[in-house]
Amino acid sequence: MPDVLEALLRVVIVMVAFLVLPLVVGQVEHKAMAHMQARVGPMYAGAFHGWAQLVADGVKFVQKEDVVPAAADRHVFKLAPAVALLPYLVAMLAIPIGPGLVGQDLDLGLFFVLAVMGAGVVGTLMGGWASANKFSLLGGIRVAAQLMAYELPFVLAAASVAMAAGTLSLIGIVEAWSPWWLLWQAPAMVVFFVAGLAELQRPPFDMPIADAELVFGPYTEYGGLRFALFILAEYAGIVVLSALTAVLFLGGWHGPFEDQLGWLWTLVKIGLVAFVVVWVRVAFPRMREDQLQRLAWQGLVPLALFQLAITAVGVVVMTQ
Amino acid sequence: MSFPGTGLVKGLAVTMRNMTRRSVTAHYPDALPELPPRSRGVIALIEENCTVCMLCARECPAWCIYIDSHKDTIPATTEGGKDKSRNVLDRFAIDFSICMYCSICVEVCPFDALHWSPEFEYSELDIRELTHEKERLREWMWTVPAPVALDPGADVPKEITTAEKAVQKAEQVAPQEPPS
């Protein structure tokens, strides 16, 4: 019985984190982006500097009509937001915050998380295809192209860390981590972060939803709660990407007083990476489709392979 | 010699610097804006000054001033004298949904019946409410600010020089008349 209770507790905690952290990231994006553009952002909702803006947005989305286009593939169209959102919830289950502080410790944690994150993109693809809209379809195809291009450097960069640590368990990787990896695995960290941004279709890699040419890409026909779920998936994706970057490359709970404050260190690192995601969005213009593909195939893939070679040499030298 | 990626770093630096500075947003409903002098907010009317000369209505490029009037006869004060007639203003309205705030009516008025007030918060839910009748235009008069002070070193206003000349002339004509 206590096992069931403990599992239940872990699931509830992950669920709460899944519902709260993306909103926190979203609010930070609202306010940080506004101030970076010399604005103030939301100020009224919740009386203090608009802290409840996203709650208000959620209430608004719930009230909206649930519209399915007549020509759409109804079932796929309705299922797509869930397919986009759930993988990030599942991924969160396997990401450790501290030693033992994890939804479910998996021996193949890294492999599992990467596989599940790739599945999240399928939801967007489904939405793009099922909407029966040319903009959605073009956006969906761009999503697919982007996934193909960036999944490879993404996985290669993660593989580099797994190779250095000699394990696929996320907890094992953090325990094997030492500060000088920051230098050793720096190219992999850059590749992982950039490819992860591209996979989430975050600016400057938001060519699939480029509003100037594709209206809103795969999400064009979505409105109300389903649209909100897609947006929530994007922010959940930021949280998962930031958490993975923090755990794989920034040493997770390593830091002063890690015995007591380990979980706090992980959260701080996740927060910092998430802030960089927002920062990059504000600072850089959107990349063109061909620039996107060139960056992946001519920039990130060779860099990731180069990093793999460095890691292999390092591991061989160290084990001798 | 420039390294690849300096542009990216510059972009990040600009946004970060912006974030640490105070934003320039005007918090309008909470803090009222500081309007410059002679702001054109709404047109106010002193009904008593109006002689129904119709200059404003005729000069208005948007035709947004409506004036109705009738003639009143004032009976002659002396016996056998001629009756005088006088214009009485019945209606003076400005349709602010048409007005383009060009200020021609204010400038053209020979009797200073029209003035600019800086008040601008008179939006309405019904467009017909934007036609302000003379009672409402009279109310705006209380919000008209005093004229802006003259620049240092500016010429003495025309009215004062004219008045001074008149006084000088009067003194020359009757210099030895004792003050009554």
Shielding score for A:31-42, defined as the mean number of other chain Cβ atoms within 10 Å:
4
Inverse of <1/r> over all distinct C-alpha pairs of chain B, i.e. the Kirkwood Rh in Å, gives 22.0
Length-normalised contact order of segment A:113-165 in % [C-alpha pairs under 8 Å, at least 6 apart]
31
Largest-first ellipsoid semi-axes for segment A:64-206, taking √(5λ) over the Cα gyration tensor eigenvalues, angstrom
34, 18, 10
Helix-derived mean residue ellipticity, 222 nm - over chain A, DSSP H n ≥ 4, -39500 (n - 2.57), to 500
-24000 deg cm²/dmol
Which of B:CYS109, B:PRO29, B:THR15 sits closest to the plus end of the dipole of the protein assembly as shown, meaning its Cα is farthest towards the positive end, when Lys and Arg get +1 and Asp and Glu get -1 on the C-beta?
B:THR15
Which net charge results for the neighbourhood of A:TRP253, defined as the other residues with beta-carbon distances under 13 angstrom from its beta-carbon, given Lys and Arg at +1 and Asp and Glu at -1?
-2
Chain B, helix-only ellipticity at 222 nm - DSSP H runs n ≥ 4, -39,500 (n - 2.57), divided by all residues, nearest 500
-7500 deg cm²/dmol
Indicate the gyration tensor shape class of segment A:208-257 (rounded, prolate or oblate), computed on the Cα atoms with a ≥ b ≥ c the square roots of the eigenvalues: a/c under 1.5 is rounded; otherwise a/b larger than b/c is prolate and the rest oblate.
prolate
Please report, in cubic angstrom per residue, the volume enclosed by the convex hull of the alpha-carbon atoms of segment B:115-180.
180
GNM of chain B, Cα pairs under 10 angstrom: of B:PRO36, B:PRO145, B:PRO75, the biggest fluctuation goes to B:PRO75
Between helix B:6-20 and chain B, what is the angle of the helix's C-alpha long axis to the longest principal axis, kept within 0 to 90° and rounded to the nearest 10?
50
Taking a ≥ b ≥ c as the square roots of the Cα gyration tensor eigenvalues, with a/c under 1.5 meaning rounded and otherwise prolate when a/b beats b/c or oblate if not, segment A:258-306 comes out oblate
Relative to chain B, whose Cα atoms define the longest principal axis, helix B:158-173 and its Cα axis are tilted in degrees, nearest 10, by 30
Dividing the mean separation of Cα pairs under 8 Å (6+ apart) by the residue count of segment A:181-320 yields a relative contact order in percent of 33
Compute the semi-axes of the equivalent ellipsoid of segment B:1-93, taking the square root of 5 times each eigenvalue of the Cα gyration tensor, and list them largest first in whole Å.
66, 15, 10
For the protein assembly as shown, take every pair of Cα atoms, bin their distances at 10 Å starting from 0, and report each bin as a whole percent.
3, 14, 19, 17, 11, 9, 9, 7, 5, 3, 2, 1, 0, 0
Select from A:PHE230, A:VAL4, A:LEU156 the residue farthest towards the positive end of the dipole of chain A; place +1 on Cβ of Lys and Arg, -1 on Cβ of Asp and Glu, and compute about the Cα centre.
A:PHE230
What does the charge dipole of segment A:1-147 about its Cα centre add up to, to the nearest 20 debye, if the Cβ of each Lys and Arg holds +1 and the Cβ of each Asp and Glu holds -1?
600
Order by protection proxy (mean Cβ within 10 Å, highest first), peptides A:230-238, B:112-120
A:230-238, B:112-120
Among A:LEU200, A:PRO96, A:GLY41, the residue whose Cα sits farthest towards the positive end of the charge dipole of chain A, when +1 is placed on the Cβ of each Lys and Arg and -1 on the Cβ of each Asp and Glu, is A:GLY41
log10 I(q)/I(0), Debye, Cα-only segment B:97-143, no solvent, q = 0.13, 0.15, 0.22, 0.32 Å⁻¹?
-0.33, -0.44, -0.95, -1.40
Using the Kirkwood radius over Cα pairs of segment B:56-120, the Stokes-Einstein translational diffusion coefficient at 25 °C and 0.890 mPa s, in µm²/s and rounded to a whole number, is 174
Springs between alpha-carbon atoms under 10 Å, Gaussian network over chain A: tell me which of A:ALA38, A:ALA52, A:ALA198 tops the mean-square fluctuations.
A:ALA38
Where the only charges are on Cβ atoms (+1 Lys, Arg; -1 Asp, Glu), what is the dipole of the protein assembly as shown about its Cα centre, to the nearest 20 debye?
1320
Pairing the Cα long axis of helix A:186-199 with the longest principal axis of chain A, what angle in degrees results, from 0 to 90 and rounded to the nearest 10?
20
Segment A:163-320 shape via C-alpha gyration tensor axes, a/c threshold 1.5
oblate
Which trypsin sites (Lys or Arg not before Pro) in segment A:44-77 sit in a loop by DSSP (not H, G, I, E or B) and have at most 14 other Cβ atoms within 10 Å of their own Cβ?
A:LYS64
For segment A:1-126, what does the relative contact order come out to in percent, with C-alpha contacts under 8 Å and a separation of six or more?
23
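Computed from the coordinates by the stated procedures, all read-outs in this text should not be read as laboratory data. From a predicted model like this one, the values you see are computed outputs, not experimental measurements. Cβ: placed from backbone, ideal geometry, glycine included. Neighbour counts: every protein chain shown.
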